[in-house]
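**Student:** Mind having a look at this structure? Questions to follow.
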Amino acid sequence: MSSNRLFITTPIYYVNDKPHIGHAYTTIAGDVIARAHRMFGGEAYYLTGTDEHGSKVAESAAAAGVAPQAFCDVQSALFRAAWDQLLIKYDDFIRTTDDRHKRGVVRFLQRLHAAKSPDGHPVIYPGTYSGLYCVGCEKFITEKELVNGKCPHHLKEPVKVTEKNYFFRLRSYSARVGALIEQGTILVNPPERKAEVLGLIKHGLDDFSLSREKVKWGIPLPFDSSQNTYVWVEALQNYITAPGYADDRERFDHWWTHGHVLHLMAKDILKFHAVFWPAMLLAAGEKTPHELFVHGFFTVNGEKMSKSLGNAIDPTAMVVTYGADAARYLLLVQFPFGVDGDIQAERFPERYNADLANDLGNLTSRVVKFCERIGGTVPEPGKLEAVDRALLVAGKKAVDGMREALEQRNLLAMIGAPMGLVREANRYFDASAPWQLQKEGKEERLRTTLYVSLEAIRVAAALLSPVLPTKSLDIRRAVGVAADRLEPTGGELEHLRALQPGAPVGIGDPVFPRIDKKGKAVDIQSPPSDADGQTETEGLIDIDDFGKVQLVVAEVIEAERVEGADRLLRLKVKVGSEERPLVAGIAEHYEPEALIGRRVIIVKNLKPATIRGVESRGMLLAAKKGKKLTLVTTDGEIPSGASVG
């Protein structure tokens, strides 16, 4: 980037909508970029807001029986409330009904009205427009943009409009805008969006309407009060009115003129941002934005998201189900930022459990609980071995990878870098087997293993903090980060051994409790960790789901201990004519040879799992009271493969 001072914007959202995941996706992305930029030592200003003028707003207000301003006040508050629930930490929230915005628009239009184009003509000139207008989009569209005679976004026929307007002389500036995009002065990403814009310019763009004669809810032109500023032209100016274009030039220059301006948006408004907006800025003598990052459209389960289909996903409902941090995570990991994608809400629980509950949450719980059992503090490490240094180096690589991904606006890679470290830390912890080290009395090696594991969690939690702002702090507290260092910094991340031995560690409830397929928590308490470092959780199921569980009789034909795991046995069982492997934590209760020939009850249709490197295709049923465990068995008259129910 050209400046370490980053000014990030979202589109301002139309108050006729309620917040949905399309809005949330862009706004969370901006928040994550801003937080990450600050974490690595940069200065960031994050702007979002609401677009509150136009005929559609006036019509909706009339239908609701309220004045337009009152309607806008209520609707704008919905967006603020949604962003608060999603932990969006914006620096500014602009409303186009704000006085500061109105003053800025008036000043900008006065500059344009006084300006001359490079060929000596007035930049703004009067004329008559006759064409097609989509009320839903609040914009003029061409015949070639229609699909079966209808607006492709609202599936309605546009209305024919003829009215007096003022026009902006785009044809005098479009070639220059194209050159700035071509040479990279204005970055347009991903590359296909850049190609799209250059194609539009190459094929020629007409001058566009700057005002509307028939729209009464808007900002009057300063040079002709009979006309109101076209809502799209006015809305674009929020990017300069918010930082002080009207009356705080020093602040405006700080962020706009001397900062790196990044506009985030969906591809349906690309032309306005990539062509119209830079052209107006050039005509007014102001700097153009540096970067536009454009994401694609969403479908929900393969269908276009729409009110009529009733498939719009409410981001605040996601917060209720998954929590704010997890809702942010789940939206961002659906697909790469910048492409069209399909959101499959039914897979949210699966991804939540796999990434957050199992990988991150369970790792934190296992390591911290082990530390609690041997003193409750960050242990003093001993001599580092190659495997320890490898995990610490992986932490440094994760830091570098996230910094690089931030520069590239690659949100999936920004998340993937720390989550890759989490998975490496899980493998390290399992392979190091601290439970075995404790049993063998290898205290120094045990302390080193736990310290290195805590360090990996510390780094991963710091890197995930832009996405998981509250849960990452919980994790950092749990692993012994001092209270005055909970907000991570890039400087801290440069140190691979930043945890202080002796600092208290501790964890209560699971950071991310497991959930069932309906999003209900199934870990009511923190899952107990056995001496082999394995965890088991159990949850409630609906009675309708119980019938899906296939219980069968199985005969044990082989049994042996799992190397390095005191509580685990590797079994081979026969179910009818089929043989299948199974791992069970019963070694403290049964000798392997005593199980041969026993007929036990297993869950047959459990998804295969790998435990300590051994495949397991089923689960044994057992009864337990206190420390005593007894397998559920059947007599010899019931053959293997028989169903249980």
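**Student:** With the requirement that a residue be more than 16 Å from LEU496 (Cα to Cα) and either small (Gly, Ala, Ser) or in contact with a strand residue (DSSP E or B) (Cβ under 9 Å, 6 or more places away or on another chain) (or both), what does the stretch 380-416 give you?
**Tutor:** If the condition is that a residue be more than 16 Å from LEU496 (Cα to Cα) and either small (Gly, Ala, Ser) or in contact with a strand residue (DSSP E or B) (Cβ under 9 Å, 6 or more places away or on another chain) (or both), then ALA405, GLN408, ARG409, ALA413, GLY416 are the ones that fit.
**Student:** In addition: Kindly list the number of the only condition in (1) surrounded by 15 or more Cβ atoms within 10 Å (Cβ to Cβ); (2) within 29 Å of LEU200 (Cβ to Cβ) that fails for PHE348.
**Tutor:** It is condition (2) that PHE348 fails.
**Student:** Just one of ARG251, ARG193 is in contact with a helix residue (DSSP H, G or I) (Cβ under 7 Å, 6 or more places away or on another chain) and not aromatic (Phe, Trp, Tyr); which is it?
**Tutor:** ARG193
**Student:** In addition: Could you identify the single residue in SER172, SER209 that is polar (S, T, N, Q) and at pLDDT 95 or above?
**Tutor:** Going through SER172, SER209 in turn, the sole match is SER172.
**Student:** Tell me, yes or no, whether the stretch 33-40 has at least one residue that is assigned to a loop (DSSP other than H, G, I, E, B) and either without any contact (Cβ under 8 Å) to a residue 12 or more places away in the chain or farther than 14 Å from TRP217 by Cβ (or both).
**Tutor:** Taking every residue of the stretch 33-40 in turn, at least one turns out to be assigned to a loop (DSSP other than H, G, I, E, B) and either without any contact (Cβ under 8 Å) to a residue 12 or more places away in the chain or farther than 14 Å from TRP217 by Cβ (or both).
**Student:** I'm told TYR45 meets every condition in (1) over 18 Å from the mean Cα position of the chain (by Cα); (2) over 24 Å from GLN408 (Cα atoms); (3) not acidic (Asp, Glu) except one. Can you identify the failing condition by its number?
**Tutor:** (2)
**Student:** Next question, about the same structure. In the stretch 559-645, which strands (runs of 3 or more DSSP E) lie fully inside it and hold 1 or more residues that are modelled with pLDDT under 80, closer than 22 Å to ASP430 by Cβ and of a type in the set (Lys, Arg)?
**Tutor:** none
**Student:** Is it the case that the stretch 363-371 has a residue that's under 28 Å from the mean Cα position of the chain (by Cα) and free of Cβ contacts under 8 Å to residues at least 12 places away in the same chain?
**Tutor:** So far as the stretch 363-371 goes, no, none of its residues is under 28 Å from the mean Cα position of the chain (by Cα) and free of Cβ contacts under 8 Å to residues at least 12 places away in the same chain.
**Student:** Among the residues of the stretch 44-76, how many are without any contact (Cβ under 8 Å) to a residue 40 or more places away in the chain and in contact with a Ser or Thr (Cβ under 9 Å, 6 or more places away or on another chain)?
**Tutor:** Matching residues across the stretch 44-76 total 2.
**Student:** A further question follows. Please go through the stretch 282-305 and pick out each residue that is over 23 Å from ALA24 (Cβ atoms) and out of contact with any helix residue (DSSP H, G or I) (no Cβ under 8 Å at 6 or more places or on another chain).
**Tutor:** Matches in the stretch 282-305: HIS290 only.
**Student:** Output the residue which, of all residues in the stretch 205-230 that are more than 22 Å from VAL177 (Cα to Cα) and of a type in the set (A, V, I, L, M), is nearest to the chain's Cα centre (by Cα).
**Tutor:** Only one residue fits best here, namely ILE219.
**Student:** Have a look at ASP92, ASP98 and point out the one that is at negative phi, acidic (Asp, Glu) and buried (at least 16 other Cβ atoms within 10 Å of the Cβ).
**Tutor:** ASP98
**Student:** Then there's this: On the basis of being buried (at least 23 other Cβ atoms within 10 Å of the Cβ), closer than 19 Å to GLY361 by Cβ and within 20 Å of the chain's Cα centre (by Cα), does PRO418 make the cut?
**Tutor:** It is true that PRO418 is buried (at least 23 other Cβ atoms within 10 Å of the Cβ), closer than 19 Å to GLY361 by Cβ and within 20 Å of the chain's Cα centre (by Cα).
**Student:** Quick test for you: out of THR610, THR630, pick the one residue that is free of Cβ contacts under 8 Å to residues at least 60 places away in the same chain, loosely packed, with under 12 Cβ neighbours inside 10 Å and hydroxyl-bearing (Ser, Thr, Tyr).
**Tutor:** Of the residues listed, the single one that is free of Cβ contacts under 8 Å to residues at least 60 places away in the same chain, loosely packed, with under 12 Cβ neighbours inside 10 Å and hydroxyl-bearing (Ser, Thr, Tyr) is THR610.
**Student:** Moving on to the next point. Can you run down the residue pairs with Cβ atoms below 6 Å, 6 or more apart or on separate chains, where the first is in the stretch 506-520 and more than 15 Å from ALA354 (Cα to Cα) and surrounded by 16 or more Cβ atoms within 10 Å (Cβ to Cβ) and the partner is modelled with pLDDT of 90 or more and β-branched (Val, Ile, Thr)?
**Tutor:** ILE507/VAL368
Here is a yes/no grid of residues against (1) outside the structural domain of ALA283 (by TED's automatic domain parsing); (2) surrounded by 17 or more Cβ atoms within 10 Å (Cβ to Cβ); (3) basic (Lys, Arg); (4) out of contact with any Pro (no Cβ under 8 Å at 6 or more places or on another chain):
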{"site": "CYS72", "(1), (2), (3), (4)": "no, yes, no, yes"}
{"site": "SER76", "(1), (2), (3), (4)": "no, yes, no, yes"}
{"site": "ALA82", "(1), (2), (3), (4)": "no, yes, no, no"}
{"site": "LYS102", "(1), (2), (3), (4)": "no, yes, yes, yes"}
{"site": "VAL105", "(1), (2), (3), (4)": "no, yes, no, yes"}
{"site": "PHE108", "(1), (2), (3), (4)": "no, yes, no, yes"}
{"site": "GLY131", "(1), (2), (3), (4)": "no, no, no, yes"}
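**Student:** State whether the residues of the stretch 153-169 include one that is buried (at least 20 other Cβ atoms within 10 Å of the Cβ) and in contact with a helix residue (DSSP H, G or I) (Cβ under 6 Å, 6 or more places away or on another chain).
**Tutor:** no
**Student:** Same structure, new question: Tell me which strands (runs of 3 or more DSSP E) are completely within the stretch 124-207 and hold 3 or more residues being without any contact (Cβ under 8 Å) to a residue 60 or more places away in the chain and either of a type in the set (A, V, I, L, M) or in contact with a Leu (Cβ under 7 Å, 6 or more places away or on another chain) (or both), or say none if there are none.
**Tutor:** Those strands (runs of 3 or more DSSP E) span 159-168.
**Student:** So which residues in the stretch 1-25 are part of a loop (DSSP other than H, G, I, E, B), more than 30 Å from ASP253 (Cβ to Cβ) and either in contact with a Phe, Trp or Tyr (Cβ under 6 Å, 6 or more places away or on another chain) or modelled with pLDDT under 95 (or both)?
**Tutor:** Across the stretch 1-25, the qualifying residues are ASN16, ASP17, LYS18, PRO19, HIS20.
**Student:** Tell me, please, whether a residue that is under 28 Å from PRO191 (Cβ atoms) and not hydrophobic (A, V, I, L, M, F, W, C) can be found in the stretch 239-246.
**Tutor:** yes
**Student:** Considering only strands (runs of 3 or more DSSP E) fully contained in the stretch 223-312, which possess at least 1 residues that are among the hydroxyl-bearing types (Ser, Thr, Tyr) and surrounded by fewer than 21 Cβ atoms within 10 Å (Cβ to Cβ)?
**Tutor:** Fully inside the stretch 223-312 and qualifying: 224-229, 298-300.
The values are calculated or read from the model by the stated rules, or taken from the named source; none is laboratory data. The structure displayed is predicted, hence computed values, not measured ones. Ideal geometry is used to build each Cβ from the backbone, glycine not excepted, and the neighbour counts take in all protein chains shown.
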